[in-house]
Every structure is written in structure tokens, then in C-alpha cells.
């Protein structure tokens with residue numbers, strides 16, 4: 001019984017007309033609108049009065065009407081009884097919306113076609129979201145496919161390649177057609193496959209949710225590259241494994257640089273050890289040479305032999321120093337102790353150091369320096385002296401005996417300019433642009449037996465550049481001599497008058513000196529040299545003996561080797577600093593290591609002076625003279 005009394009037909013009509021989310025209306029057999037509900041008015045914008053009696057094709061875009069799509073829909077509904085479609089439709093205001101349409105044929109009792117029911121739903125928002133998702137997926141696909149720095153691919157659960165981007169093709173060499181469907185183990189070296197690395201990678205990714213590795217991989221052409229690989233499992237909505245994403249990056253260049261860095265460190269360590277081992281035997285040779293010069297000054301043959309030995313020892317020391325310097329320079333580890341200096345002092349020091357070598361070749365050396373201290377620069381005195389010394393040594397080396405070398409120093413408002421000119425063999429035009437390159441040398445034929453490592457000028461250029469200057473090489477070619485020009489930024493305020501060239505002879509009281517070195521030749525030759533300088537000298541060959549004797553002897557100076565077995569020089573220094581009665585003791589470190597880190601270590605251990613083997617006699621005299629001039633038992637200030 002109908003409690004409303006309205007009848008089922010009336011209720012149904014009221015239900016349909018009240019629906020607002022669906023456009024529900026009737027068409028006659030020709031497609032004209034006969035009914036129109038509230039949802040139709042809301043979705044399409046027409047009132048019932050505006051649309052009833054008009055053909056439903058008015059809701060279709062022009063291109064759909066042009067291809068008779070409304071008629072096709074009715075024909076299909078008539079033939080099949082029902083037709084469903086999605087597509088663009090047009091509202092009254094001309095705007096478009098995405099519609100889901102269901103058309104159903106309505107037949108009378110006799111089977112005759114009475115018309116059609118048409119239900120339309122506005123799915124524009126769903127369509128927009130789907131389109132956004134599609135565009136997002138398309139952009140992502142284009143992004144992945146276009147990436148060339150990373151190989152990005154998908155693997156199925158068994159490890160077969162399912163997708164392949166441009167980066168994968170560029171890095172690994174395979175096209176997509178060649179690789180899709182094959183197992184990813186083909187990218188691993190044979191030894192990795194033998195130990196099951198591909199299977200292990202997938203198993204760990206599945207178990208841990210992530211796998212990351214670096215190692216060698218193989219390209220299509222068989223070449224190897226160092227790869228960073230990340231494998232991530234991909235799961236479906238219900239947690240089932242769909243496959244793996246695999247991202248590979250070619251890090252071969254980084255690996256090469258790391259290897260070069262490691263090789264450079266190993267080489268630096270080797271060179272430092274080599275220098276130390278070479279300096280140990282050079283030390284007693286240098287000491288013995290100095291003793292010969294002191295003892296045999298009245299014997300021409302001894303003087304000649306001692307001079308020859310001194311020059312050859314100096315040459316070996318130079319080679320060792322150059323090896324260490326070029327190692328530090330190439331790794332950027334040169335540190336400058338910068339202060340205001342007069343380049344005239346630098347030239348004087350360098351000439352003094354090179355004089356023996358130049359005199360031995362009977363070469364004429366002319367030095368022209370300004371009368372006033374005008375060539376003032378900010379720099380490291382020792383390093384700039386090394387620059388001039390290397391250039392002088394180079395000039396002497398490539399100038400024949402009895403040739404001439406000329407040094408001039410001048411300055412203008414902006415810079416100080418040092419020129420070293422020789423009349424030697426000259427430089428060929430082909431070699432001239434490369435003379436400052438590492439390991440570059442001129443003619444090494446049998447009649448050019450001076451040798452060398454070809455690194456001195458490299459050191460010169462780098463040290464000059466560290467001071468903000470430039471160095472230039474000029475030559476008129478073979479036989480035309482050479483000229484090297486160093487230009488440095490000039491300061492204007494004068495510096496204090498230099499004491500360079502002051503006598504290095506020891507003055508003052510006689511010193512009590514203890515020499516400690518496990519190398520007997522080195523200890524005994526140093527002790528003999530110090531005795532010939534007028535000191536009371538004792539020598540021991542191990543750390544424990546040094547501590548015991550120093551406590552009884554109370555020496556003014558201890559020359560202490562660092563690298564001794566058992567009790568090292570550092571251990572001995574700390575023990576001596578704790579010993580009563582030795583507060584005024586001067587500690588000299590003797591070592592084959594001379595880098596900044598080594599000097600810091602000896603200073604921290606309590607040493608006053610760091611001397612690098614072999615120790616030059618004049619350097620030793622200078623240090624001892626400053627101690628001899630002090631009253632006994634009083635340490636030097638600072």
C-alpha cells in the first residue's frame with residue numbers, strides 16, 4: 001500500500017527529477033529531449049523550457065557533430081539496447097566538461113521503440129586528476145629517459161631488465177633493444193658473477209629494502225668502469241614484489257683521482273724516507289770534508305780533495321732537497337714564513353752559497369746591487385734565497401768553464417726585478433716555452449754530463465708565484481746564452497740593515513758539547529768537527545747513555561739524532577728537559593727530515609734548533625757562536 005497516496009509512477013518521477021549529480025532525461029526515437037531533471041539543468045546549464053523539444057546533439061562539440069557521433073550513439077543503443085561512452089560535452093555557456101554517458105533504448109509492450117533514456121555524469125574533475133597523473137607520469141618518464149649522467153632501469157623480480165634510459169645506454173653502451181629481457185648480471189665482471197654478487201645484491205635489497213655498492217662493472221665493449229649502484233625493491237599495493245629500481249653512476253674519474261691522490265701520498269712518503277736515508281750517509285761525509293778543510297788548509301792537494309768532496313756532497317744534498325720540494329709543491333704543501341726583506345740580502349746569501357761551485361768552474365760572476373735598500377719585498381727569506389740559488393746553479397751548470405754570469409737587481413715603484421744572465425749554451429726555441437715544466441731539461445748527450453732531475457726551475461716558478469711574482473726565461477737560441485728574470489711586488493718602507501755576510505766564526509767561551517747518534521760514523525765525524533772548532537766534545541751512541549752522561553757532564557749543547565732505536569731523540573729530549581741542572585741546555589735536533597711538520601714536532605719535544613743532515617759547518621758555527629757569547633748557565637731569551 002502506498003502511504004503517500006501518490007502512486008509509484010509519481011514517486012519515481014519525483015525521485016528522478018530531484019537528482020542533482022546526474023543529468024537524467026528522455027529522448028524521443030529521433031533524439032529530441034522530452035524530459036529534463038534538476039541534475040541536467042545543473043550539469044548542462046539549460047532549463048527544461050530551453051531544451052525540451054531540441055535535439056540532444058546540441059550538447060556535443062562541433063567536431064563530434066561533424067562525424068555524426070550523436071546519431072551513431074543512438075544507432076548503437078537501438079541495435080544493442082544500451083550504449084556507454086566517455087567524451088567531451090558542451091554546456092550552455094560553451095564550456096566543456098568530461099561526461100560519462102549511458103543511453104538505453106526504451107521499447108513499448110509491442111516491442112516498438114518509444115525513445116531513449118540518457119544518463120550523463122560530469123567526470124571533469126576525475127578526468128583532470130587522471131590527466132595530471134598521466135602528465136606527471138609522462139614527465140617522470142621523460143625525465144628518467146632523458147637523464148644521461150645516471151643509468152636508471154627497472155628489473156623484474158628475477159633481475160631481468162625491464163626498462164632502460166638514455167643514461168644507461170650512454171654509460172653501459174647497450175641499446176634498449178639489446179638489453180631488455182636479459183639478466184642484469186651481464187654488467188658484472190666474471191669474478192663478481194663467480195662469487196654471486198648479482199644474486200646477493202637482489203637478496204639484500206629484498207631483505208633490507210635497499211642495497212648500495214661501489215665496484216667495477218663492465219660495458220658492452222668489455223671495458224670496465226667504477227660504479228656506484230643503488231638497488232631498491234618495488235612493491236605493489238598488497239605488498240607483493242613487483243621488481244627493483246636500479247640506479248648506476250659512473251665514478252671512474254673520481255676513482256682515478258682518488259688513486260692518483262693515494263699514489264701521490266705514497267710517493268711523498270717514499271721521497272721523504274728516501275731523503276732521510278740519503279742524508280744519513282751524507283752527514284758523516286760532510287763532517288769529514290769539513291774536518292779535512294780545517295786540518296789540511298796548508299796542503300794544496302788536501303784542500304783540492306776537500307773542495308771536490310764538498311761540492312759533490314752539496315750537489316747530492318741539492319738533489320735530495322729538490323725531490324722533497326717538488327713533492328711538496330705538487331701537493332700544495334709549501335708554507336711561507338713571510339716578512340719584509342731586502343732582495344739584495346737574498347742575492348748575497350745565494351751568491352755566498354753558490355760561490356764554491358762557480359769558482360770550481362772558474363766562471364766569472366758579476367753582481368750589481370743597489371746601494372740603497374730599494375728592492376724591498378714581502379716574502380720568505382729562505383725560499384727566495386732558494387730561488388736565486390737554483391737560478392745561479394742553473395746558470396753555472398749550463399755555462400762552460402771560464403764563462404761569465406751576471407746578476408743585476410733593480411726596482412721601480414711597482415716591482416723589484418732580478419736578472420741572471422749567462423753566456424752559456426742557451427735554450428732552443430722549442431724548449432724555451434717548457435723550461436719551467438716538471439722534469440724538463442736541455443741536451444742530455446754524453447758531452448753534457450752535469451745531470452740533474454729537471455725540477456729546479458719548476459720549484460723556482462712555483463716559489464715565485466707563491467710570492468705573487470713572475471719568472472721569465474729568455475734566450476737567443478743555442479749558443480746565445482740565457483737570461484732569467486724574476487719580478488716581485490715591491491714594498492716601499494725600508495727594512496733594518498742586514499747582517500748577511502757577517503763572519504760565522506765561533507766566538508766567546510769554549511762550549512761543552514754532547515753528540516748523540518746511533519750512526520757511529522756520523523757521531524764521531526761530528527764530534528771531530530766540533531773539536532776542531534775549539535769545543536770540548538763527547539759522543540755517545542744511544543739514548544740511555546746520553547741521558548746518563550748529560551746528567552753528569554752538564555753540557556752547554558746536545559746535538560741529538562732523532563731516529564734512534566729504543567729511546568728516540570724525542571724521548572731523550574723530554575728526559576733531558578726534566579733533568580736537574582740542565583735548565584740552560586741548548587738542544588739541537590739532527591735529522592734527515594726537514595718538513596714543517598717535522599720542525600713542529602722537534603719544537604714541541606723541547607728542541608731549540610732543528611738541523612737537517614748533512615749540517616753545513618758554517619750553519620753549525622753560527623748557532624754555536626750565539627750560545628758561546630751568552631754567560632754560562634743562562635738560557636737565551638725567547
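Is there a residue in the range 408-415 that is modelled with pLDDT of 85 or more and under 37 Å from the mean Cα position of the chain (by Cα)?
Within the range 408-415, the subset modelled with pLDDT of 85 or more is 408-415.
Retained after the next criterion (residues that are under 37 Å from the mean Cα position of the chain (by Cα)): 414-415.
Yes, some residue in the range 408-415 is modelled with pLDDT of 85 or more and under 37 Å from the mean Cα position of the chain (by Cα).
Filter the range 605-623 for residues that are surrounded by 19 or more Cβ atoms within 10 Å (Cβ to Cβ) and within 21 Å of residue 312 (Cα to Cα) and give the result.
Correct list: 611, 612, 613, 614, 615, 617, 620.
When you scan the range 575-591, how many residues do you find that are buried (at least 20 other Cβ atoms within 10 Å of the Cβ) and more than 9 Å from residue 550 (Cβ to Cβ)?
Result for the range 575-591: 6.
Of all the residues that make up the range 164-207, how many are in a loop (DSSP other than H, G, I, E, B) and surrounded by fewer than 18 Cβ atoms within 10 Å (Cβ to Cβ)?
Step one: list which residues in the range 164-207 are in a loop (DSSP other than H, G, I, E, B), which gives 164-165, 173-175, 180-182, 188-189, 195-196.
Next cut, surrounded by fewer than 18 Cβ atoms within 10 Å (Cβ to Cβ) only: 173, 175, 180-182, 189, 195-196.
Number satisfying all stated conditions: 8.
Residue 210 fails exactly one of the following numbered conditions: (1) free of Cβ contacts under 8 Å to residues at least 40 places away in the same chain; (2) closer than 22 Å to residue 255 by Cβ; (3) under 30 Å from the mean Cα position of the chain (by Cα). What is the number of that condition?
All conditions are met except number (2).
Quick check on residue 474: is it closer than 24 Å to residue 389 by Cα, assigned to a strand (DSSP E or B) and at pLDDT 85 or above? Please lay out each step first, then the result.
Working: closer than 24 Å to residue 389 by Cα: yes; assigned to a strand (DSSP E or B): yes; at pLDDT 85 or above: yes.
For residue 474, the condition - closer than 24 Å to residue 389 by Cα, assigned to a strand (DSSP E or B) and at pLDDT 85 or above - is met.
For the range 93-105, enumerate the residues that are in contact with a strand residue (DSSP E or B) (Cβ under 7 Å, 6 or more places away or on another chain) and either more than 15 Å from residue 76 (Cβ to Cβ) or loosely packed, with under 10 Cβ neighbours inside 10 Å (or both).
First, pick out the residues of the range 93-105 that are in contact with a strand residue (DSSP E or B) (Cβ under 7 Å, 6 or more places away or on another chain): 96-105.
Result: 96, 97, 98, 99, 100.
Can residue 561 be described as assigned by TED's automatic domain parsing to the domain that holds residue 610, under 46 Å from the mean Cα position of the chain (by Cα) and closer than 30 Å to residue 383 by Cα? It would help to see each step written out before you state the result.
Values: assigned by TED's automatic domain parsing to the domain that holds residue 610: yes; under 46 Å from the mean Cα position of the chain (by Cα): yes; closer than 30 Å to residue 383 by Cα: yes.
It is true that residue 561 is assigned by TED's automatic domain parsing to the domain that holds residue 610, under 46 Å from the mean Cα position of the chain (by Cα) and closer than 30 Å to residue 383 by Cα.
Pull up the range 296-333, narrow it to residues that are assigned to a loop (DSSP other than H, G, I, E, B) and at pLDDT 70 or above, then point me to the one that is surrounded by the fewest Cβ atoms within 10 Å (Cβ to Cβ).
Going residue by residue through the range 296-333, those that are assigned to a loop (DSSP other than H, G, I, E, B) are 296-299, 331-333.
Next, only the ones that are at pLDDT 70 or above stay: 296-299.
Numbers: 296: 15, 297: 11, 298: 7, 299: 12.
Checked the range 296-333; the qualifying residue surrounded by the fewest Cβ atoms within 10 Å (Cβ to Cβ) is 298.
Which residues, taken from the range 214-224, are under 18 Å from residue 161 (Cβ atoms) and in a strand (DSSP E or B)?
Within the range 214-224, 217, 218 qualify.
To keep it simple, each residue is scored yes or no on (1) under 21 Å from residue 123 (Cβ atoms); (2) surrounded by fewer than 15 Cβ atoms within 10 Å (Cβ to Cβ); (3) modelled with pLDDT of 90 or more.
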{"site": "1", "(1), (2), (3)": "no, yes, no"}
{"site": "6", "(1), (2), (3)": "no, yes, no"}
{"site": "25", "(1), (2), (3)": "yes, no, yes"}
{"site": "29", "(1), (2), (3)": "no, yes, yes"}
{"site": "41", "(1), (2), (3)": "yes, no, yes"}
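Inside the range 32-117, counting only helices (runs of 4 or more DSSP H) that do not spill past its ends, which hold 3 or more residues that are closer than 17 Å to residue 21 by Cα?
On the way: elements: 38-44, 48-51, 62-66, 69-80.
Fully inside the range 32-117 and qualifying: 38-44.
Select the strands (runs of 3 or more DSSP E) contained entirely in the range 334-395, then report the ones holding at least 2 residues which are within 40 Å of the chain's Cα centre (by Cα) and buried (at least 21 other Cβ atoms within 10 Å of the Cβ). Working first, answer last.
On the way: elements: 339-342, 364-368, 376-379.
Qualifying strands (runs of 3 or more DSSP E): 339-342, 376-379.
Among the numbered criteria (1) at pLDDT 75 or above; (2) outside any strand (DSSP E or B); (3) not assigned by TED's automatic domain parsing to the domain that holds residue 592, which single criterion is violated by residue 281?
(3)
Considering only the range 538-571, how many residues are in contact (Cβ under 8 Å) with a residue 40 or more places away in the chain, crowded, with 20+ Cβ neighbours inside 10 Å and within 15 Å of residue 513 (Cβ to Cβ)?
7
So in the range 508-518, with the set limited to residues that are in contact with a strand residue (DSSP E or B) (Cβ under 7 Å, 6 or more places away or on another chain) and surrounded by fewer than 21 Cβ atoms within 10 Å (Cβ to Cβ), which one is nearest to residue 579 (Cα to Cα)?
Just the residues of the range 508-518 that are in contact with a strand residue (DSSP E or B) (Cβ under 7 Å, 6 or more places away or on another chain), to begin with: 510-518.
Now drop any that are not surrounded by fewer than 21 Cβ atoms within 10 Å (Cβ to Cβ), which leaves 510, 512, 518.
Numbers: 510: 23, 512: 17, 518: 22 Å.
Step by step, filter the range 508-518, then rank; the result is 512.
Out of all the residues in the range 455-468, is one or more outside any helix (DSSP H, G or I) and modelled with pLDDT of 85 or more?
Start the filter on the range 455-468 by keeping residues that are outside any helix (DSSP H, G or I), which leaves 455, 467-468.
Subset that is modelled with pLDDT of 85 or more: 467-468.
Taking every residue of the range 455-468 in turn, at least one turns out to be outside any helix (DSSP H, G or I) and modelled with pLDDT of 85 or more.
Could you check the range 231-246 and list, in sequence order, the residues that are touching a helix residue (DSSP H, G or I) at 6+ places or on another chain (Cβ under 9 Å) and surrounded by fewer than 19 Cβ atoms within 10 Å (Cβ to Cβ)? Outline the logic, then answer.
Taking the range 231-246 and keeping what is touching a helix residue (DSSP H, G or I) at 6+ places or on another chain (Cβ under 9 Å), we get 231-233, 241, 244, 246.
Of everything in the range 231-246, those that are touching a helix residue (DSSP H, G or I) at 6+ places or on another chain (Cβ under 9 Å) and surrounded by fewer than 19 Cβ atoms within 10 Å (Cβ to Cβ) turn out to be 232, 241.
The values are calculated or read from the model by the stated rules, or taken from the named source; none is laboratory data. Here the structure is a predicted model, which means the values were calculated and not measured. Please note: Cβ atoms are built from the backbone with ideal geometry, for glycine as well, and neighbour counts cover all protein chains shown.
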